[in-house]
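Working notes, structure below.
Please treat every number below as a calculation from the coordinates, not as lab data. Worth saying up front: this structure is predicted, and the values here are computed from it rather than measured. Note that we place each Cβ from the backbone using ideal geometry, even for glycine, and neighbour counts take in every protein chain shown.
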Amino acid sequence: MLPPEQIIIRPPVEAYSLLIAVTGGCSWNKCRFCGTYKGMYGTTQEYAIRPLEDVKKDIDQAAKHNYHGFPVFLAGGNPTSAPTDYLVEIVKYVRVKLRNVQHVSCYAKALDILRKTDEELKKLAETGLDIVYMGLESGSNTVLRLMKKGTNAKSFIKAGKRLLNAGIKLSLYIILGLGGHKYTEEHVIETARVLTEINPTIFRFRTLNISPSIPLWEDLKSGEFTLLSPVENLKEERDIIANLGENVTSQVFNDHVSNYCSIESANIKIDREMFITTLDSYMNDPRIKQMPRKNLTRM
Ligand code: SF4
């Protein structure tokens, strides 16, 4: 088992950031599509909040070795589960010890955000927490319940709006194919609805893959759950974009190795037609139509 100071994951976009471990593992760790802390990377990690002094020592080390000018990612499955005063102290320390920090970011769970007051969220924003990455995965309550996400659409909407109102940018993750064939339509319509309600700063797609350490593996093997084909995944993305409300101005990325396209937009309100036309052309491409479904068991 890895200790919390040894980090397992960070968003792809934070690949060149300075990683400062704040929490280890995940306080929930029950999502049926997630193997991150259940052995997917060859080891497990228990949930823990690191002692403040240890985190500060890591920041001191980074300063000593001249890690100035980098973005800083406060690592761990859900650092926002930690008390606000502890997080404020860490963000402040980063800003004092490191020069020209491009941004400070971390993962966040919706229920952790809802446990904090508006004043606490504002304090985090003012101290310099710039952006949080949150796994919405789906806007469908049916899919969220089946996948044991532990959060419903209403809570995501509330948490998302409160973060944005506090001045913290929000990047949401959507998992294509998470409803399988059975719930693909509901997954599309409800995800578009939740994105429309929140209008997050950014949303990003990734594609469901199921490795043997993930609880959903058994359902895949028994045929209870089925993976969408490349074209079906592209169609889900296309239909989510097509069903967004006119108010949505989010940046959109496909910056994950699991995806079947890499289209992006700086403002989906402006680029919606381009996005849909491009995805239509991919879906009609005979090479993509014949492409076998890849199930990545290591990423
Ligand atoms: S998806 Fe996120 S919340 Fe769910 S078990 Fe994995 S790390 Fe925890």
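Between the listed residues Val143, Val188, Leu164, the Cα displaced farthest toward the positive end of the dipole of the stretch 142-192, a dipole computed from Cβ unit charges relative to the Cα centre, is found at Leu164. Taking 4.7 Å between C-beta atoms as the pairing limit, the chain has these partnerless cysteines: Cys26, Cys106, Cys261. For the stretch 99-247, the dipole from Cβ point charges (+1 on Lys and Arg, -1 on Asp and Glu) about the Cα centre works out to 480 debye, to the nearest 20.
The ranking of Met134, Met283 by Cβ neighbour count inside 10 Å, starting from the fewest, reads Met283, Met134. DSSP finds beta bridges in the stretch 18-156, and of those with both partners inside it, around 25 percent are antiparallel. Straight Cα distances below 20 angstrom link Lys158 to the lysines Lys109, Lys116, Lys122, Lys123, Lys148, Lys149, Lys169, with same-chain residues fewer than 8 positions distant left out.
Each peptide in 110-117, 227-234 gets a packing score, the mean of other Cβ atoms within 10 Å over its residues, and the list from highest to lowest is 227-234, 110-117.
Could you work out how far apart the two model spin labels at Ile7 and Lys154 are, taking each label as a point 7 Å from the Cα in the direction of the beta carbon, and quote it in nm? With each label point 7 Å from Cα toward Cβ, the separation is 3.6 nm.
Here the spin labels are modelled as points 7 Å beyond Cα on the Cα-Cβ line, and at Asn284 and Lys30 they lie 4.6 nm apart. For the chain, DSSP calls about 15 percent of its internal beta bridges antiparallel.
Counted residue by residue at 0.36 nm each, then reduced by the alpha carbon distance between them, the extension gain from Thr142 to Tyr16 reaches 41.7 nm.
Result for the chain in a Gaussian network model with C-alpha springs under 10 Å: among Thr151, Thr277, Thr196, the largest mean-square fluctuation is at Thr277. Reported to the nearest whole Å, the Cα centre-to-centre distance from the stretch 1-50 to the stretch 137-163 is 21.
The ratio of the alpha-carbon radius of gyration of the stretch 254-299 to the globular-protein estimate 2.2 N^0.38 Å is 1.35. With a Förster radius of 30 Å applied to the C-beta separation of Ala242 and Lys161, the computed FRET efficiency comes to 0.80.
Mean 1/r over all different Cα pairs, inverted: what Kirkwood radius does the stretch 134-292 give, in Å?
15.9 Å
Label positions at Ala63 and Met291, each projected 7 Å from the Cα along the C-beta direction, are separated by 4.7 nm. Determine the shape class of the stretch 1-123: with a ≥ b ≥ c the square roots of the Cα gyration tensor eigenvalues, call it rounded for a/c under 1.5, and otherwise prolate if a/b is greater than b/c, oblate otherwise. Oblate is the answer for the stretch 1-123, as a/c is 1.5 or above yet b/c matches or exceeds a/b. Considering only Val91, Ala63, Gly77, the residue lying farthest towards the positive end of the dipole of the stretch 59-110 is Ala63, judged by Cα position with unit charges set on Cβ.
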